[in-house]
Structure formats: structure tokens, C-alpha cells
Amino acid sequence: MVKAVLTTKVSPVYDDLPENRYHFPKTYLQQVSKAVGDWIVYYEPRRSTGELSSSGGRQVYFATARVEKIYPDQARSDHFYAEISNFLQFVRPVPFKEGSHYYESILEKDDGSTNKGAFGRAVRNVSDHEYDMIWRAGFGHVIGLEERTRMAPDVSEEPMRPLPLVAEEAHSQ
């Protein structure tokens, strides 16, 4: 078993329903087959649809799940479905790169630039270590690896003043 990154768009070209199934062409059958019984990470690319000019995708890893089995697409002979279970959305979407750190080593060229050819692969197998780094980044503050940051209260409004005592309350004091 091997872990994998599965790419799915906001408006997928394929019949993806990330919580239940991942639809893919035969090209990726070997990579997805290696992940059966193991965990995957979902990645949302920059292109939000199948149109080459589309954009708006967050370029983040956004959830993890488990691949249970693969079965053929009855309508398209050169396509398959991966049945998904245990879908869990990350608390914090994780960018593919933070600072100079790439979560997937295959995405970084020797000169430190992004390997755009690797991004062209909708399914990429990853090591346990890379999967763990993405998982920790997505759930870090929940599991105590990072301090949880909270929004500061909005103090721009006039502070609340105590309400005046009602006549009955004034007598009881």
C-alpha cells in the first residue's frame, strides 16, 4: 500500500464526489491501485474547472480519506472509480508550498523552483513522511502540535456600560 495525492477541482470534469468516490482515467490506474487500503490527500488545483483559462482554485490540500476499492466505470471503458471512506476535511487547508518548503518533494526542482510537469499529474503517490507532514499541517493545532490562534475581540465599539438599577433592585440593596 502507498499513500497518494488525488487532485479534484471545485467543478470537476470527472464524476468526483470526494466524500464517496474519485473518478479517474486509466492513465492513473496503477497509482490509485497502489493506494487501495491506504490513505490519500485531496488537492485542489489552481484551475477550478476543466477550462484552461479557469482559475480560482486554492492550490491547497484540503482533506484526507481512505481508498477502499477500485471499480470500472460502466459508461466509459477507459475510466475507473475509487471508492472512498473516512473522508475528513482539514481544519486548515494546506498550501502545496509554505515558504521554501514543498510538502511533496516531486513538486520541487533541483533549483528550488516548482516542477509544473509534476503538477500536471492528477494522481501522485507520496511517502508516509510526506503524507504525515500534510496531515499534521492540516490538523496541527487540533492535535496540539501548534498553538491555536484566536481572533482578537473587536473593541472598536464603545464599551458596554452597566445598566442603571431598576427601582426594586435599588431597594433590595
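The values are calculated or read from the model by the stated rules, or taken from the named source; none is laboratory data. From a predicted model like this one, the values you see are computed outputs, not experimental measurements. Here Cβ is always computed from backbone atoms with ideal geometry, including for glycine, and neighbour counts include all displayed protein chains.
At-a-glance table
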item	result
Qualifying residue in segment 42-58 (condition: among the hydrophobic types (A, V, I, L, M, F, W, C) and either touching a Phe, Trp or Tyr at 6+ places or on another chain (Cβ under 7 Å) or at pLDDT 90 or above (or both))	no
Pairs where the first residue, in segment 114-140, is aromatic (Phe, Trp, Tyr) and the second is part of a loop (DSSP other than H, G, I, E, B), C-beta under 6 Å, 6+ apart	none
Count - residues of segment 90-106 that are more than 15 Å from Trp135 (Cα to Cα) and among the hydrophobic types (A, V, I, L, M, F, W, C)	1
Within segment 103-132, considering residues that are of a type in the set (Phe, Trp, Tyr) and part of a helix (DSSP H, G or I), the one farthest from Ala35 (Cα to Cα)	Phe119
Selection within segment 56-98 - within 18 Å of Gly138 (Cα to Cα) and part of a loop (DSSP other than H, G, I, E, B)	Gly57, Arg58, Gln59, Phe96
Residues located in segment 81-97, provided they are touching a residue at least 24 places away in the same chain (Cβ under 8 Å) and either basic (Lys, Arg) or within 30 Å of Ser113 (Cα to Cα) (or both)	Gln89, Phe90, Val91, Arg92, Pro93, Val94, Pro95, Phe96
Criterion violated by Lys9 - all others in (1) in a strand (DSSP E or B); (2) modelled with pLDDT under 95; (3) buried (at least 17 other Cβ atoms within 10 Å of the Cβ) satisfied	(1)
Residues of segment 12-28 that turn out to be within 18 Å of Arg66 (Cα to Cα) and either of a type in the set (Phe, Trp, Tyr) or part of a helix (DSSP H, G or I) (or both), as a count	3
